[in-house]
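Below is one structure; the comments refer to it alone.
The values are calculated or read from the model by the stated rules, or taken from the named source; none is laboratory data. This structure is a prediction, so every number in the text was calculated from the model and none was measured. Note that each Cβ is placed from the backbone with ideal geometry, even for glycine, and that neighbours are counted across all protein chains shown. These area figures cover heavy atoms from the full protein model, side chains too; ligands, DNA and RNA do not enter into them. Shrake-Rupley method; radii C 1.70, N 1.55, O 1.52, S 1.80 Å.
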Amino acid sequence: QWSAIEPVLPKVYSGARRDDDRRIISGIIHVLKSGCRWQDCPSVYGPPTTIYNRFHRWSGRRIWHKMLEALVKAFPNDEHMIDSTTAKAHRSAAGGKGAHNQAIGRSRGGRTTKIHVVTNGCGKPLAFDVTAGQLGDIRAALPLIAPLPRARTLSADAAYDSDGLRRFLMERGTIPVIPNNKTRKRFHPFDPIAYKKRNQIERMFCRLKDWRRIATRYDKLAANFAAAIAIAIAITWWTD
């Protein structure tokens, strides 16, 4: 796992020599999985301030996203699935600079952040985004799907039943596997057998929420919360 991650880490840096990358990143992973406060991270991983600063600075530089992009493999003509889940925003997540831009909104569950994910046919994430909790699923779908290689099928629940999305998929040669909303006047073909495979993405969300700092959002900044998700996805690519 480390031999795959190490080549994508920054090699050029200013200031004092960095503490051991592997130890510090292990400390970051410990905090994200256990849900503890940064200052409570065990000393075996190094000073808590160093661990948090590494996480925060690399979040701002999108290092964690670049690491994920280098590790994740998307292939054409695969099966894709898309869905979302919400993470409850803890009170400590309030007050981020430019709070209206920090992907926290009010929905039925209170103050939440929504995590949108596209996976391959095995349930491994290929792309993700975070938005305010009240944002509709369909609005995040096209920006996630469009950059990916063309898939053979795309499975999604009825929240993605949109004529615009269906048209986009058909034009690129992807078969929509999306149940029809009951309010539709004209129903589209639907394959219930293929739809059963969508449990893969549901199980992926269960594994993702085993990381306590993803199941509950403690980060004030959307960039930091997204970085935590990128790290979790990168790790689960190699361990699941």
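Looking at region 172-209, the trypsin sites (Lys or Arg not before Pro) that sit in a DSSP loop and have at most 10 other Cβ atoms within 10 Å of their own Cβ are K182, K185, R186. A Förster distance of 25 Å, applied to the separation of the beta-carbon atoms of V72 and D191, puts the FRET efficiency at 0.40. Using a cutoff of 8 angstrom between alpha carbon atoms and counting only pairs six or more residues apart, the relative contact order for the chain works out to 24 percent.
Taking 7 Å steps out from each Cα toward its Cβ at N199 and R152 produces label points 2.1 nm apart. Here the chain is treated with +1 on each Lys and Arg Cβ and -1 on each Asp and Glu Cβ, and its dipole about the Cα centre works out to around 560 debye. Solvent-accessible area assigned to carbon and sulfur over the chain amounts to 53 percent, based on a 1.4 Å probe. Binning the alpha carbon pair distances of the chain at 10 angstrom intervals from zero yields the distribution 7, 30, 33, 20, 7, 2, 0, expressed in whole percent. Per-residue Karplus couplings for region 168-173, computed as 6.51 cos²θ - 1.76 cosθ + 1.60 with θ equal to phi - 60°, are listed in order as 4, 5, 5, 5, 9, x Hz, Gly and Pro entered as x. For K11 and K97, a Förster radius of 25 Å and the Cβ-Cβ distance give a FRET efficiency of 0.25, rounded to the nearest 0.05. Averaged over its residues, region 89-240 has an accessible area of 49 Å² per residue, based on protein heavy atoms and a 1.4 Å probe.
What percent do you get for the relative contact order of region 1-130 when only Cα pairs under 8 Å and 6+ apart count? Write out the running numbers ahead of the final one.
Values: 121 pairs, mean separation 24.8, N = 130.
This gives 19 percent for region 1-130.
Across the options G109, P143, A127, the greatest Cα extent toward the positive end of the charge dipole of the chain (unit charges at beta carbon of Lys, Arg, Asp, Glu) belongs to G109. Restriction of the trypsin sites (Lys or Arg not before Pro) in region 39-132 to DSSP coil positions whose beta-carbon has at most 10 other beta-carbons within 10 angstrom yields K73, K97, R108.
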